[in-house]
Every structure is written in C-alpha cells, then in structure tokens.
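Reviewing the structure listed below.
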Amino acid sequence: RIFTDPREASKSVAHEIAELIKLKQREGKSCVLGLATGSSPKTVYAELIRLHREEGLSFKNVVSFNLDEYYPMEPDAIQSYWRFMKEQLFDHVDIPKENYFIPLGDIPQSQIEDFCKSYEAKIDSLGGLDFQLLGIGGNGHIGFNEPGSLINSKTRLMMLDHSTRAAAVMDFGGELIKVPKKAITMGVSKILQAKRVVLLAWGERKAGMIADAVEGSVSEHNPSSYLQSHGNVLFVVDTAAASEL
Ligand code: GLP
C-alpha cells in the first residue's frame with residue numbers, strides 16, 4: 001500500500017493495531033505484538049499513544065516482544081532498544097511492565113543460547129505473534145537478520161554487517177568502534193510464524209530493497225524477500241520507497 005505521506009501511512013497501521021487490540025479485548029484474550037525499533041515505526045507509536053490518551057485505547061491486554069537488541073548493551077544506555085521502546089511507547093501507555101519483552105543485551109554470552117530458546121518458548125506459550133511490525137535495513141535485514149540468514153533461522157546472536165554498523169554510527173557519537181559488533185535478533189522463522197506481518201519503509205534510500213523484496217527472487221541475500229512466502233503480509237511504503245517498484 002503506497003501513501004504519499006508517511007504520517008498517514010503510520011496512522012493506518014496504528015489503527016489496524018488498535019482494532020486488533022480491541023478485538024482481542026472483546027474476546028477476553030491477550031494481544032501478542034511483535035514490535036520493532038528504528039526511525040520507521042516512531043510515527044506508528046506516536047499515533048498509538050494518541051489513541052491511548054484521546055480515545056481511551058487500553059494496552060492492558062497487550063503482550064509484546066521486540067525483535068532485537070544490540071549486544072552487548074546496557075538497558076539504560078542511550079542507544080538501547082529497551083530505552084527506545086520505553087521512550088517511544090511503553091512509558092506513555094498502560095501496558096503492564098511484566099507484559100513487554102526485549103532481548104537482553106547485558107546477559108553473559110554463555111547464557112544467550114538459553115535466553116533465545118526461552119524467548120521463543122514464551123512467544124509460543126502465548127499462541128504465537130498475532131501481529132509483527134517490521135522495518136527494513138538498508139541491506140534488506142529484518143530485525144537484525146542480516147543477509148545470509150536462513151529462512152528457518154531461530155532467535156540468536158548475530159554478527160552485524162559493516163553497512164548496518166555504519167548506518168548506526170551517528171547514534172554512537174560518530175565513532176564506528178563504539179557501535180556493537182553483534183546483536184540478539186528474533187529469527188526469520190519466528191517472524192514468519194506471525195499471523196500478520198506489516199513492514200514499513202519511508203524514503204528513497206529504501207526503494208531498491210523494497211523493489212527487490214517484493215519483485216525479486218526469494219533469497220538469503222535479502223532476508224526481507226522471505227516475506228514473499230507469508231500468506232498475510234502488507235508492505236506499507238511512501239511514494240519515495242515505492243519509486244523502484
Ligand atoms: C535497525 C533495526 C531494524 C530496523 C532498521 C531500519 O537495524 N534493527 O529492525 O528495521 O534498523 O531502521 P530505520 O527504520 O531507522 O530505517
């Protein structure tokens with residue numbers, strides 16, 4: 001779906017999420033959301049906060065799992081995805097503190113494998129993700145599933161591509177050496193198990209990858225192309241990001 005204005009696009013995505021939350025509330029069930037960081041979803045979160053404040057949308061039945069976190073990363077560091085989510089959404093809505101999960105960037109490396117298994121098990125125990133929100137990296141990554149990630153990849157520790165680290169350098173004071181070399185990411189297979197997937201992309205710099213994801217061949221070179229095999233996926237893009245389609 002192509003929008004001229006990313007804000008309008010974000011509103012439509014936020015409204016879809018709000019309707020899902022309300023539907024689950026009527027059914028007396030939890031709404032299990034997969035959430036993303038990066039600049040693209042910020043406007044979606046802003047609209048969700050507005051719906052909470054002005055229209056009484058409650059997040060009490062929401063359980064959320066974030067896609068990824070740098071490793072190593074202290075949760076209160078300025079660049080942490082934990083902090084991002086609190087600032088962009090969680091601190092402004094009524095989601096219970098025990099209901100949101102973000103991969104931990106401060107656990108010892110020896111515990112990561114067990115942590116990743118339990119992260120997936122927790123999602124499964126709730127019946128899987130009802131909705132997964134995604135951005136897309138300049139190299140086609142989803143979450144931090146870098147090119148080379150397999151379609152059946154699980155939640156794991158990932159080495160970040162040079163291009164991914166270079167894209168994040170301004171968040172780390174312009175010093176590449178300070179950008180973590182690794183991240184914990186939800187695997188491609190867990191993303192593809194979500195009942196609904198919505199990917200956001202704004203701006204011309206995403207146009208090549210969007211065209212490749214939608215119209216190119218399904219390949220590990222562009223992990224977002226795996227979404228072609230999902231039965232209920234929507235790409236929400238602005239005119240610039242759609243310019244190579
Ligand atoms: C990071 C995140 C991704 C995100 C990507 C794009 O790499 N791990 O989940 O999709 O950035 O970010 P942006 O939305 O700022 O373009």
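Which value, in debye to the nearest 20, describes the size of the charge dipole of segment 1-87 about its Cα centre when Lys and Arg Cβ atoms bear +1, Asp and Glu Cβ atoms bear -1, and nothing else is charged?
That gives a dipole near 320 debye.
Hey, rough spin-label estimate for LEU157 and SER12, points 7 angstrom out along Cα→Cβ, what's it come to in nanometres?
With each label point 7 Å from Cα toward Cβ, the separation is 4.2 nm.
Calculate for the chain the 222 nm mean residue ellipticity that helices alone would give, adding -39,500 (n - 2.57) per DSSP H run of length 4 or more and normalising by residue count, nearest 500 deg cm²/dmol.
Computed ellipticity for the chain at 222 nm equals -9500 deg cm²/dmol.
Enumerate by residue number the trypsin sites (Lys or Arg not before Pro) in segment 26-132 meeting two conditions: DSSP loop (anything except H, G, I, E, B), and at most 16 other Cβ atoms within 10 Å of the site's Cβ.
Qualifying residues, ordered by number: LYS29, LYS60.
Once you place label points 7 Å from the Cα toward the Cβ at ASP171 and GLN109, how far apart are they in nm?
2.2
Testing the spin-label approximation: label points 7 Å from Cα along Cα→Cβ at SER39 and GLU204. State their distance in nm.
1.4
In vacuo Debye scattering of the chain, one point per C-alpha: log10 I(q)/I(0) at q = 0.08, 0.11, 0.17 Å⁻¹?
-0.28, -0.54, -1.41
None of the figures in this text is laboratory data; all of them are computed from the coordinates on show. Nothing here was measured: the structure is a model prediction, and the numbers come from that model. All Cβ positions, glycine included, derive from the backbone under ideal geometry; neighbour counts span all protein chains shown.
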